[in-house]
Every structure is written in structure tokens, then in C-alpha cells.
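Visitor: Have a look at this one before I ask anything.
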Amino acid sequence: MASHLLNHSAKVRNVSKLLHHERYMLARWFSGDAQSSLNRRRDVWKTQLPESSTRSSVFEPVVDFTVSFTKRNVSMASIRRGSITGSGFTGEISPSSQVLSRRCYASASDLPPHQEIGMPSLSPTMTEGNIARWLKKEGDKVSPGEVLCEVETDKATVEMESMEEGYLAKIVRGDGEKEIKVGEVIAITVEDEGDIDKFKDYKPSTSEPSAPPVKETSVPSPAKKEAEEPVREPEAKVSKPSVPTPSGDRVFASPLARKLAEEKNVPLSSIKGTGHEGLIVKADIEDFLASSQVSAPSKAKGAADAALDYINIPVSQIRKVTASRLLLSKQTIPHYYLSVDACVDKLMSLRSKLNSLQEASGGSRISVNDLVIKAAALALRKVPQCNSSWANDYIRQYNNVNINVAVQTDNGLFVPVIRDADKKGLSTIGEEVKQLAKKARENSLKPQDYEGGTFTVSNLGGPFGVKQFCAIINPPQSGILAVGSAERRVIPGSGAEEFKFGSFMSVTLSCDHRVIDGAIGAEWLKAFKGYIENPESMLL
């Protein structure tokens, strides 16, 4: 390599002049058996790539070299595997810039340049997704902003748009395909329409493009190998049935083991002793009985399952994520629950008056749930400690009061968000709830429709008549309000035989004890109850 540089020193001295007149440098990702070159009038350097190189590597020289130019202070420090560190716009090569283009080229030399479209990450918790349907067909022309397909994420079904102009040459993962990892290739696009047929039988590489190159390490010493070997757990001491001994052979067993074997009808010939010289001891009989009792119920269970008539229902992506997040919440968040009954007579009276005004003006009716959301938001503004989340080293208290509302659909549970609910009117809250609930049932929620909530309200009372229940906290939030149904009760009066009737609604607040102490949770419930029993105060 050194002799090669010396022989071409005249060319190297002209590089500064070349960079002075060059306005830009174009770096492309080529296949393993192609050559990479950067030239203006003559080649400055050429590097033949090895056959084993992948898309993630441009070229890898045998040795690093440094070439300095005194006039323009141009420095080429190194050429690393997988990146070209340089910029030709200013005549300087910077070691900090890297080629991060998404444009890839095939590993086979007979395929033209193309772009691999991977499964995008459309939500913070998304690790895999499903293809609901393709809106473009193979051979169609695509433009920036056009919808390519609908992707079912862990939250909703989201439209995936094209980022560049070209032609859809190959759909790698078709309609209905499930559990596609983020980054996995789902389609191929090309710039020229004539290149579409060349990708008819294209199959993406199974290697991970983002995997770092494996570095060669020195052979570890024997002592290091022993240290790296995992510690083997001792095997459980279980007596295994052995081949029955011939009738002429004597079976050695302790008196206590013989007595226990006779009581349990255990043949000593089927047990292998673990005592001295194969002596059968009491522990061997107990282990044999325990293993027999374990195997018997499993056989009975298998027979019972065979007699059952059932169907297996596929689990949707949203239900998988809901299950994992709720399990994580229940296992890692110290829940405690506070319940209170609030009289809703005044609330129902105010709702009737407001709905009369709404009908007269052509507006939508206001529901009890809309009033509950407004009361919860104002209570969070009054007791901001409940509008917080746990972050290990600190507690994050939010200035925005964003209320998630639980909506049950055929596809699973969705929690769209009402942003700044404490600042919005009841009619605005009602309209947003109706629109978001409709989008949730149509499975068309966008990430901005359900992300960013600070507190959740779940109402099973109005639509289902549930009297009282305890909800699971939606992480990373620290509280969720479970709203039950209202029921009419008899209230004792001031006199001995006096009484009156009233409607009461049961609500339960689930709290994260790391964030909300018991007294703070009780203070929030007191504020919430005050707004429910005196709803006119919400209008102030």
C-alpha cells in the first residue's frame, strides 16, 4: 500500500486542486462485486470490493492512511467500514459526517439500483406490525406523500406514505401478513420503470443490515474460558424407574423404605436406589410417588382437553400490547384504591338544562361522562401531584392536563386522549369524545390521538351498569378513575321518621403509591366529589 502511494504521489498532490474545483462528492452504496470510485477527470483512487462484503460496507482498506494538504488544510483521517467520513461541499473532509442514506443496492450484480422499504416504527412502543392492506400494486408509480399501505401497529391502523418518487417494483410482504419486525423489508422501489421486471423473483437478504461487523478477537486463555462458562445448576435428585431386576437378584432396601413401599404398593424392583451401593432409601420411595402423582394429573388434563369443543381466536396486535402493558403495570406499580360515593342529583339537573340549550342551538347532547372528564381535569389542576408520573430518579409533574378515555371496540381497548381538558368547554369535550370513539371503532386512530395522556378515566357504569370496579393504571401515568353506575338510595332526614331519595355514583381511584400518597389521593377524590356534587363550580 505504501509503495502504491509513492508511485502515485503526483496524483495525490493534485487532489487539493481537484477538491478546490469540485462542488460536491457523491457517495453511493454499491454491491459486493462492484468498484467504488470518486473521480473528476482522472481516478483519484479505486478500490475493488471483496466478494463477501454486504450492503452495510462500502470498502475496507487493509491499512489506515493519512494524507495532508498544506494549502487547503484538507485531511483524510480514515475510511471506516460502512461509512465514508467526508464532505466535498467546502473542500474539507470531516471525520464526523457519515453516509446515512436509506438507499440500498442489491447483493447481486445483475440487479439495478433500488430502495428497500422497511417496516417503520410508527409508535414509541412498536416492535412489530402487520400489513392490513396495500393501496398500491406492483408496477404502480408512487410520489412523495402518497399512501403505500395500511400498517396495523400496537395502537391502531396507520397509513404509511411514500418518501420518494419512483415505481413499486416488488411487494415482499403482502396483505394480511403479521408479526413483521420493525426494519424488516416489506417492499422494493426503483427509479426507472424498466427495472421493475428484474425484481420479479427478488428475495431480501436474511442478514440484518444494522448489525455491526464482527470484530476478530484474540483467543482467550484457558482460565478465561473457564470463567466465561455458565455455572451449571445441580440436577434435581429424582429417582428414575429402572429395568426390573431378574427374579433371582436381591433388592437391597432399608427397613423404612420397605415398609413405605408396602403401604403404597410400590414395587421395589422398579426403583433405582440412591443410597450406599444402590441401597433403596425412604427418599427414593417418596420421589417415585411424587413423580407418579405429577404424571397422573397431566394425563387426565390431556384427556379432558381432547373432549372439549373449542376454537382458537387469533390475537390482534393491539390486544398483545394491551396485555403486556397491563401485566407490566400490575407487576411493577404498587396499586392502592380509594372509593367514594358522590351524589349526582344536581349534576343530572344541570345536564338536563344544558342539553335543552344544546338542542335549541343545534348542538350535540352532553353526557354524564363528559361532565366526569371535566370534573377529573379540574381536580387534577387543583391537586397537581396526581397529574404526575414516576421516573425512578424523579417524579415528573405535568403542566398539561390530558385525559385518556377508555373506549372498548371489537379490536380491543383504546384510550384516545382529550388534550387540555381543564381548559375546554363541555360541548367541546363531548364532540372530541364522540369523534375519537368513532375513529377507535373504525381502527383509524393516529398516534397523536392517543399519545401524551397524563390521567385516564374508565366508565363502565353508564354503558354497562357496573356498580363499582377497580381499574389498572395505564403506565407511565400514576392514576386512573373507575366510574360506576348511579343508583337511587334512601337518605335519612333530620327527623326520626324523615327520609328522602338521592342518586349516588360510585367512583374508585387507582393510585401509584410511589407518586401519590394516600392523603394526596384522598384530597383529589374530595376535589372531584366537590365538582360532581356542585357542578356549577365547574363553570366558574
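Visitor: Could you point to the residue in GLY495, SER537, PHE414 farthest towards the positive end of the stretch 324-538's charge dipole, with +1 and -1 charges on the Cβ of Lys/Arg and Asp/Glu respectively?
Guide: Of the listed residues, the answer is PHE414.
Visitor: If a paramagnetic tag sat 7 Å from the Cα of LEU327 along the Cα-Cβ line, which residues of the stretch 149-177 would have the backbone N under 17 Å from that point?
Guide: What the label zone holds, given the 17 Å backbone N cut-off, is 154.
Visitor: Now for a separate question. Could you please report the charge total around VAL185, scoring K, R as +1 and D, E as -1 over all other residues with beta-carbon less than 9 angstrom from its beta-carbon? Each step should come with its number before you reach the end.
Guide: Details: positive: ARG173; negative: GLU116, GLU184.
Result for the local shell: -1.
Visitor: In whole angstrom, note down how far apart the Cα centers of the stretch 158-192 and the stretch 424-485 are.
Guide: So the two Cα centres are separated by 34 Å.
Visitor: Order 389-400, 117-128 from most to least packed using the mean count of other Cβ atoms within 10 Å.
Guide: Numbers: 389-400: 12.4, 117-128: 16.9.
Averaged packing, sorted descending, gives the order 117-128, 389-400.
Visitor: Also: To the nearest 20 debye, what is the magnitude of the charge dipole of the stretch 324-538 about its Cα centre, counting +1 on the Cβ of each Lys and Arg and -1 on the Cβ of each Asp and Glu? Before the final figure, lay out each step's value.
Guide: On the way: 25 positive and 21 negative charges, 50 e Å.
In debye, rounded to 20, the stretch 324-538 gives about 240.
Visitor: Place a +1 charge on the Cβ of each Lys and Arg in the stretch 118-163 and a -1 charge on the Cβ of each Asp and Glu, then give the dipole magnitude about the Cα centre in debye, rounded to the nearest 20. Each step should come with its number before you reach the end.
Guide: Working: 5 positive and 9 negative charges, 20 e Å.
Taking the Cα centre of the stretch 118-163 as origin, the dipole is about 100 debye.
Visitor: Between VAL315 and MET163, take the C-beta separation as r, use R0 = 41 Å, and let me know the FRET efficiency to the nearest 0.05.
Guide: That gives a FRET efficiency of 0.85.
Visitor: Show HIS513, HIS335 ordered by accessible area, largest first, where the area counts protein heavy atoms only and the probe is 1.4 Å.
Guide: My answer, sorted largest first, is HIS513, HIS335.
Visitor: Beyond a 20 Å Cα-Cα separation, which of these cross-linked pairs lie in this structure: LYS178/LYS198; LYS137/LYS203; LYS320/LYS434?
Guide: Values: LYS178/LYS198 27 Å; LYS137/LYS203 17 Å; LYS320/LYS434 26 Å.
Cα-Cα > 20 Å for LYS178/LYS198; LYS320/LYS434; rest within.
Visitor: For LYS467 paired with ASP517, estimate the spin-label separation in nm (one decimal), with each label point 7 Å from Cα along the Cα-to-Cβ line.
Guide: My value for the distance between the label points is 3.4 nm.
Visitor: Now, a different point. Ignoring ligands, DNA and RNA, how do ARG489, ARG365, ARG173, ARG258 rank by accessible area with a 1.4 Å probe, largest first? List each step's numbers first, then the result.
Guide: Details: ARG489 65, ARG365 120, ARG173 45, ARG258 90 Å².
So the residues, ranked largest to smallest area, are ARG365, ARG258, ARG489, ARG173.
Visitor: Ignoring any ligand, DNA or RNA, what whole percent of the accessible area of the stretch 324-538 comes from carbon and sulfur when the probe is 1.4 angstrom? Let's see the in-between values first.
Guide: Values: 5440 of 10400 Å².
The C+S portion of the solvent-accessible surface of the stretch 324-538 is 52 percent.
The values are calculated or read from the model by the stated rules, or taken from the named source; none is laboratory data. Source: prediction; values computed, not measured. Neighbour counts are summed over all protein chains in view; Cβ atoms, including those assigned to glycine, are modelled from backbone coordinates with ideal geometry. Accessible surface areas use protein heavy atoms only, side chains included; no ligands, DNA or RNA. Shrake-Rupley method; radii C 1.70, N 1.55, O 1.52, S 1.80 Å.
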